[in-house]
Amino acid sequence: MPKVSIIIPCHNKDTYLFACLHSVLNQSLTDIEVLAIDDHSTDNTLQILKFFQKEYPSKLKVFSLDEKTGVSAARNLGLENAQGEYISFL
């Protein structure tokens, strides 16, 4: 079980997502899991998430919502799947 779960709701943020994920996944704290939830983006957000998931399969879990439900629903999905002792939102 990871010490920290980091939940990242995403919607049409492909401009910032690469830098965000690179920073989170390469930090000094290694006992983490990152849960990224794509809230039905229409840009390249989901493709970027899948790319990072292949690079970091043990740290990154990607979820994709079938319709735009908003940040609260995306966070709740992350909470349902988080396994860490501590939870953080980004």
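May I ask you to list the residues in the range 23-44 that are more than 14 Å from Pro2 (Cα to Cα), touching a strand residue (DSSP E or B) at 6+ places or on another chain (Cβ under 7 Å) and β-branched (Val, Ile, Thr)?
Val24, Ile37
For residues in the range 36-84 being outside any loop (DSSP other than H, G, I, E, B) and among the basic types (Lys, Arg), which is nearest to Pro9 (Cα to Cα)?
Filtering the range 36-84 for residues that are outside any loop (DSSP other than H, G, I, E, B) and among the basic types (Lys, Arg), the one nearest to Pro9 (Cα to Cα) comes out as Arg75.
Going by the conditions given, is Ser41 open to solvent by less than 60 Å² (accessible area, probe 1.4 Å) and touching a His at 6+ places or on another chain (Cβ under 9 Å)?
For Ser41, the condition - open to solvent by less than 60 Å² (accessible area, probe 1.4 Å) and touching a His at 6+ places or on another chain (Cβ under 9 Å) - is met.
I need a count of the residues in the range 1-14 that are open to solvent by 80 Å² or more (accessible area, probe 1.4 Å) and either modelled with pLDDT under 95 or part of a strand (DSSP E or B) (or both).
2
What's the number of the only condition in (1) free of Cβ contacts under 8 Å to residues at least 40 places away in the same chain; (2) assigned to a strand (DSSP E or B) that Ile87 fails to meet?
(1)
The values are calculated or read from the model by the stated rules, or taken from the named source; none is laboratory data. Not measured: the values here are computed from a predicted model. Methodologically, a virtual Cβ is constructed for each residue, glycine included, from the backbone with ideal geometry; neighbour enumeration extends over all protein chains shown. All accessible areas refer to the heavy atoms of the entire protein, side chains included, with ligands and DNA or RNA removed. Shrake-Rupley method; radii C 1.70, N 1.55, O 1.52, S 1.80 Å.
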